[in-house]
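Heads up, the thing below is written out as structure tokens.
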Amino acid sequence: NGMTLEVCDVDLRVGGAYRYVWRGPGGFEMGMGGVYKEIVPAERIVSTEKFDQSWYPGGAVGTVVFTEKDGRTTVTTDILYDTKDARDAVLKSPMDQGMEAGYQALAALLSTLRMESGVAA
């Protein structure tokens, strides 16, 4: 969709920080980051989340859970916002489109990696 990930800094350890910056058409830029609060390898990652130019008040805590069954991994993401108003603002934004674009890019990458490794999809 014309967006590129220009900054991807990750210190994946409890207490470590991450930072992402995306750039898009017309000079659009979106940055965000946070700190890892909990990491259980192959199971879950919990981190704080705060956007540089946030369209909602406060921050959030995101939990990503990885569940493997029959050789397939399901990824579930839950985000807990500081307030109901923040949650409602995000639900009114095009955030779902951005998340979907990210998951589609991940699916394409994983498909390419499977083909390169000879693993069936």
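The values are calculated or read from the model by the stated rules, or taken from the named source; none is laboratory data. Worth saying up front: this structure is predicted, and the values here are computed from it rather than measured. Every residue, glycine among them, receives a Cβ derived from its backbone with ideal geometry; neighbour counts consider all protein chains shown. Accessible surface areas use protein heavy atoms only, side chains included; no ligands, DNA or RNA. Shrake-Rupley method; radii C 1.70, N 1.55, O 1.52, S 1.80 Å.
When all protein chains stay in place, what accessible area (Å², nearest 10, 1.4 Å probe) is found for TRP55?
In the full protein context, TRP55 sits at about 100 Å².
Give me the Debye-computed log₁₀ of I(q)/I(0) at q = 0.20 Å⁻¹ for the chain, equal point scatterers on Cα only, no solvent, two decimals.
Here the Debye-derived log intensity ratios amount to -1.39.
Under a 1.4 Å probe, what is the accessible area of the range 4-121 per residue, stated in Å²?
Details: 8170 Å² over 118 residues.
With all protein chains present, the range 4-121 gives 69 Å² per residue.
Can you classify the range 33-75 as rounded, prolate or oblate using the Cα gyration tensor, where a ≥ b ≥ c are the square roots of its eigenvalues, rounded means a/c under 1.5, and otherwise it's prolate if a/b beats b/c and oblate if not?
prolate
Efficiency by 1/(1 + (r/R0)^6): what FRET value for ASP96 and GLU116, r their Cβ-Cβ distance, R0 = 35 Å, to the nearest 0.05?
Efficiency, from the Cβ-Cβ distance: 0.70.
Let me know the charge dipole size of the range 11-59 about its Cα centre in debye, to the nearest 20, where only the beta-carbon of Lys, Arg (+1) and Asp, Glu (-1) is charged.
Computed charge dipole of the range 11-59: roughly 40 debye.
Under unit Cβ charges (Lys, Arg +1; Asp, Glu -1), what dipole magnitude, rounded to 20 debye, does the chain have relative to its Cα centre?
For the chain, the charge dipole is close to 100 debye.
On the full set of protein chains, 1.4 Å probe, figure out the accessible area of VAL75 and give it in Å² to the nearest 10.
For VAL75, solvent-accessible area is about 70 Å².
Would you mind checking the tilt of helix 95-117 against the longest principal axis of the Cα atoms of the chain, expressed as 0 to 90 degrees and rounded to 10?
20
By how many nm would the segment from LEU5 to ALA17 lengthen if fully extended, with 0.36 nm per residue of separation less the alpha-carbon distance?
Contour length minus Cα-Cα distance gives 2.6 nm.
Quick one: pull the percent of accessible area on the chain belonging to carbon and sulfur, 1.4 Å probe, ligands and nucleic acids left out.
On the way: 4840 of 8430 Å².
Carbon and sulfur: 57 percent of the exposed surface of the chain.
For LYS50 and THR74, what does the FRET efficiency come to when R0 = 25 Å and r is the distance between their Cβ atoms, rounded to the nearest 0.05?
That pair, LYS50 with THR74, gives E of 0.40.
How far is it, in nm, from the label point at ASP88 to the one at GLU38 when both lie 7 Å from their Cα along the line to the Cβ?
Going from the ASP88 label point to the GLU38 one covers 2.9 nm.
Give me the percent relative contact order of the chain, please, defined on Cα pairs under 8 angstrom at least 6 residues apart.
The normalised contact order for the chain reaches 13 percent.
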